[in-house]
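One structure coming up, written as structure tokens, with questions to follow.
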Amino acid sequence: MAHPRTPRLKNGVLHTDICVIGAGSGGLSVAAGAVQMGASVVLIEKGEMGGDCLNTGCVPSKSLIAAAHAAHAARQAGRFGIHLPPPEVEFAGVHRHIHGVIASIAPHDSVERFEGLGCTVIRAEARFTAPDRLEAGGQVVRARRFVIATGSRAAVPPIPGLDRVPHLTNESVFDLKDRPDHLVVMGGGPIGVEMAQAFRRLGSAVTVLERATILPRDEPEAVALLRGHLLAEGVTIEEGAQVAALHPGAEGQGLEVEFDQAGRRRTLRASHLLVAAGRQPNIENLGLEAAGVDHTPRGITVDGGLRTSNRRILAVGDVAGGPQFTHVAGYHAGIVIRRALFGLPAKADYRALPWVTYTDPELAHVGMGEAEAREAGEAVTVLTESLSGNDRARAEGAGEGLAKIVLGARGRILGATILAPRAGEMIGLWGLAIQKRLKVGDVAQMMAPYPTMSEISKRAAGSHYTPSLFSARTRFLVGLIQRVLP
Ligand SMILES: Cc1cc2nc3c(=O)[nH]c(=O)nc-3n(C[C@H](O)[C@H](O)[C@H](O)COP(=O)(O)OP(=O)(O)OC[C@H]3O[C@@H](n4cnc5c(N)ncnc54)[C@H](O)[C@@H]3O)c2cc1C
Ligand SMILES: NC(=O)c1ccc[n+]([C@@H]2O[C@H](COP(=O)([O-])OP(=O)(O)OC[C@H]3O[C@@H](n4cnc5c(N)ncnc54)[C@H](O)[C@@H]3O)[C@@H](O)[C@H]2O)c1
């Protein structure tokens, strides 16, 4: 491999091709890609290498969910004739598992690995001082292109009393070494719902307070079934519940939550509060004014090619104000590399954007939802297939689930939702179908292995043809052909 270019120090200023601010999902992907393709790269991180996903997001949350799944499976074993004593949850052990997983992935995102690849890594807060330079840890850096990848953090709503009660966010919830007796989760988005089920399975009482309805970005039929699963496991879900005020609990124990629901004020006592009420972009103290970079409270303003109002500066990931997922940050990195290294006019295209909420069953989605497709003026057809007709789901006692496919004119696939165990592993098929503009008939003709839950995709696609396949016209035709066939 040819040696990468290295940043050059000239008159106290570090000159580089690419300077990346933030070593999370987006920043690390840009840095690793750019340096291995021969660009000189400076990577600046003020906190933990790996950002939210590794330290306080995807990795710890999925590790916690895995522990919760094990406890749930032990409790459910009796359904299969396997009788176990009720599981004893050692919360400190769950904590060890979570942090063990983080530690096992951390080397991949470490300073050592990135320096080994040829990046210059600066561990400090970066701040633009001019449109073409920034300062970090006393070092001035000039770059041909800067990439802002500073991510987001939990938004803490201005609710009276919130500053006076102890509360958890994604930055602190994975540090718990003792199980909360009663966890109140403010917000029924993906973070709130995933954590609610996991803590319930680990033995906490859990109440979700959601001001609208849970998981509003997902298909309502699928959310309704998922809500049923959560309620059956004992999660309390209060929807249309706006948190109004918070008070410290009596004798300094826990807290009291006042919320408004259907015109009534209600009060709830709890031991812990998790704030999962949305995200806010990390744009403060970045010197964006000095750099001439426009922004709004949603994040840095970018065009389709992720360029900011300063042509030298691009933005990726959560801070760019679009969909906030690790795979989106990685996708953004690919666009930035094509632009910054090769000068290509790459643009983000979200038509095949997938997301998964890692509850059990998982709720996986890609592309357009039905309402969005109708709003866009598409000639919509919806195909729905229940998981109850799937043999593998029955063998595993999976309970209710579904596949819902949204088609446009002439069987064009616009979107898909699957609610099923491990649905996240099944949704890729529909993403590829959308990206490659396949027709629903292509999926219907696919040979799906039996018995798998992924057969639900083939059956849903096949149902598009059921009315014409089993019609009077077909029966007439078959009758005719049978009479003339030898
Ligand atoms: C609880 C939780 C669970 C999640 N689960 C999933 C999931 O299952 N799947 C999924 O796809 N997404 C998930 N996400 C979202 C995912 O974590 C984010 O979309 C992703 O981390 C965004 O990457 P990023 O590079 O934009 O930001 P980050 O990964 O947050 O990285 C930003 C980095 O920039 C650094 N930084 C900030 N300001 C400066 C500065 N001025 N100077 C230097 N460094 C700076 C920060 O310290 C941080 O390390 C989850 C998020 C949370 C909170
Ligand atoms: N599985 C995944 O991919 C995954 C998991 C977790 C997070 N994430 C990413 O992180 C983002 C942030 O997640 P999130 O769940 O914090 O945010 P969110 O914006 O998706 O959901 C927040 C919810 O909180 C509710 N809310 C806000 N203020 C409230 C109040 N005062 N009282 C009651 N409810 C209130 C909102 O109505 C909303 O439904 C997600 O949108 C997603 O992009 C992804």
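Just so it is clear, none of the values below were taken in a lab; they were calculated from the coordinates. Quick caveat, the model's predicted, so the values are computed rather than measured. All Cβ positions, even for glycine, are placed from backbone atoms using ideal geometry, and neighbour counts span all protein chains on display.
For the range 287-392, what value does the Rg/Rh ratio take when both radii are computed over Cα atoms and Rh is the Kirkwood radius, given to two decimals?
For the range 287-392, the value is 1.10.
Related question: Order the peptides 146-155, 81-90, 456-465 from the highest to the lowest mean number of other Cβ atoms within 10 Å of their residues.
146-155, 456-465, 81-90
Fewest first, what order do 327, 272, 15 take by the number of other Cβ atoms within 10 Å?
Placing the least packed residue first, the sequence is 327, 15, 272.
What full-extension length gain, to one decimal in nm, is calculated for residue 99 and residue 394 as 0.36 nm per residue of separation minus the Cα-Cα distance?
102.7 nm is the gain from fully extending residue 99 to residue 394.
Out of 70, 30, 471, whose Cα points farthest toward the positive end of the dipole of the chain (charges: +1 Lys, Arg; -1 Asp, Glu; placed on Cβ)?
Result: 471.
In which sequence would 481, 413 go, from the one with the fewest C-beta neighbours within 10 Å to the one with the most?
Numbers: 481 9, 413 27.
With the sparsest Cβ surroundings first, the list reads 481, 413.
Okay, next question. With a 10 Å radius around each residue's Cβ, average the other Cβ atoms per peptide and rank 400-410, 344-354, highest first.
Result, highest mean first: 400-410, 344-354.
Each residue of the range 407-422 in turn: what ³J(HN,Hα) in whole Hz from Karplus with 6.51, -1.76, 1.60 and θ = phi - 60°, glycine and Pro shown as x?
10, x, 4, 6, x, 5, 7, 9, x, 8, 10, 10, 10, 6, x, 6
For residue 92 and residue 301, compute 0.36 nm times the residue count separating them, minus their Cα-Cα distance, and round to one decimal in nm.
Gain on stretching residue 92 to residue 301: 71.0 nm.
Which length gain, in nm to one decimal place, applies between residue 177 and residue 261 when the Cα-Cα distance is subtracted from 0.36 nm times their residue separation?
26.9 nm
If I model a spin label at residue 6 and residue 425 as a point 7 Å from the Cα along the Cα→Cβ vector, what separation in nanometres do I get?
Taking the simple label geometry, residue 6 and residue 425 are separated by 4.5 nm.
Here's another thing I want to ask about it. Order the peptides 121-127, 444-450, 273-279 from the highest to the lowest mean number of other Cβ atoms within 10 Å of their residues.
For the peptides 121-127, 444-450, 273-279, the packing ranking is 273-279, 121-127, 444-450.
Among DSSP bridges having both ends in the range 162-278, what percentage is antiparallel? Round to the nearest 5.
Restricted to the range 162-278, the bridges split so that about 50 percent are antiparallel.
Another question, then. Rank these for me by crowding, 478, 293, 165, 41, going from fewest to most other beta carbons within 10 Å.
478, 165, 293, 41
Here is a follow-up. HN-Hα J couplings of the range 457-472 from phi, Karplus 6.51/-1.76/1.60, θ = phi - 60°, integer Hz, Gly and Pro as x?
5, 5, 5, 4, 4, x, 5, 4, 9, 4, x, 7, 5, 9, 8, 4
Calculate for the chain the 222 nm mean residue ellipticity that helices alone would give, adding -39,500 (n - 2.57) per DSSP H run of length 4 or more and normalising by residue count, nearest 500 deg cm²/dmol.
-9500 deg cm²/dmol
Same structure again: In debye, nearest 20, what is the charge dipole magnitude of the chain about its Cα centre with +1 on Lys and Arg Cβ and -1 on Asp and Glu Cβ, if you could check? Before the final figure, lay out the partial values.
Details: 52 positive and 48 negative charges, 360 e Å.
Using only the charged Cβ atoms, the result is roughly 1740 debye.
Estimate the FRET efficiency between residue 465 and residue 251 by the formula 1/(1 + (r/R0)^6), using the beta-carbon distance for r and 56 Å for R0, to the nearest 0.05.
So, using R0 = 56 Å, E works out to roughly 0.25.
Could you work out the percent of alpha carbon pairs in the range 354-469 separated by over 19 Å, rounded to a whole number?
Here the long-distance tail beyond 19 Å is 41 percent of all Cα pairs in the range 354-469.
Rounded to the nearest 5, what % of the DSSP beta bridges within the chain are antiparallel ones?
DSSP beta bridges in the chain are roughly 65 percent antiparallel.
To continue, here is another question. Report, by chain and number, residues whose modeled amide H sits under 5 Å from the one on residue 277, excluding near sequence neighbours (fewer than 5 apart, same chain).
Those lying under 5 Å, H to H, from residue 277 are 155.
Also, quick follow-up: Looking only at the range 140-159, which residues have a backbone nitrogen under 18 Å from a spot 7 Å from the Cα of residue 310 in the C-beta direction?
Output list for this probe position: 140-151.
How large, in Å, is the chain by the Kirkwood hydrodynamic radius built from its alpha-carbon pairs?
Over the chain, the inverse of the mean reciprocal pair distance is 25.0 Å.
In the chain, if the dipole is taken from +1 on Lys/Arg beta carbons and -1 on Asp/Glu beta carbons about the Cα centre, which of 107, 57, 199 is farthest to the positive end?
The one lying farthest along the dipole's positive direction is 107.
Right, here's the next one. Could you go through the range 223-240 in sequence order and give the Karplus-derived ³J(HN,Hα) for each residue, using 6.51 cos²θ - 1.76 cosθ + 1.60 with θ = phi - 60°, rounded to whole Hz, and x for Gly and Pro?
These are the phi-based 3J(HN,Hα) values: 5, 4, 5, 5, 4, x, 4, 5, 5, 4, 7, x, 6, 8, 10, 10, 9, x Hz.
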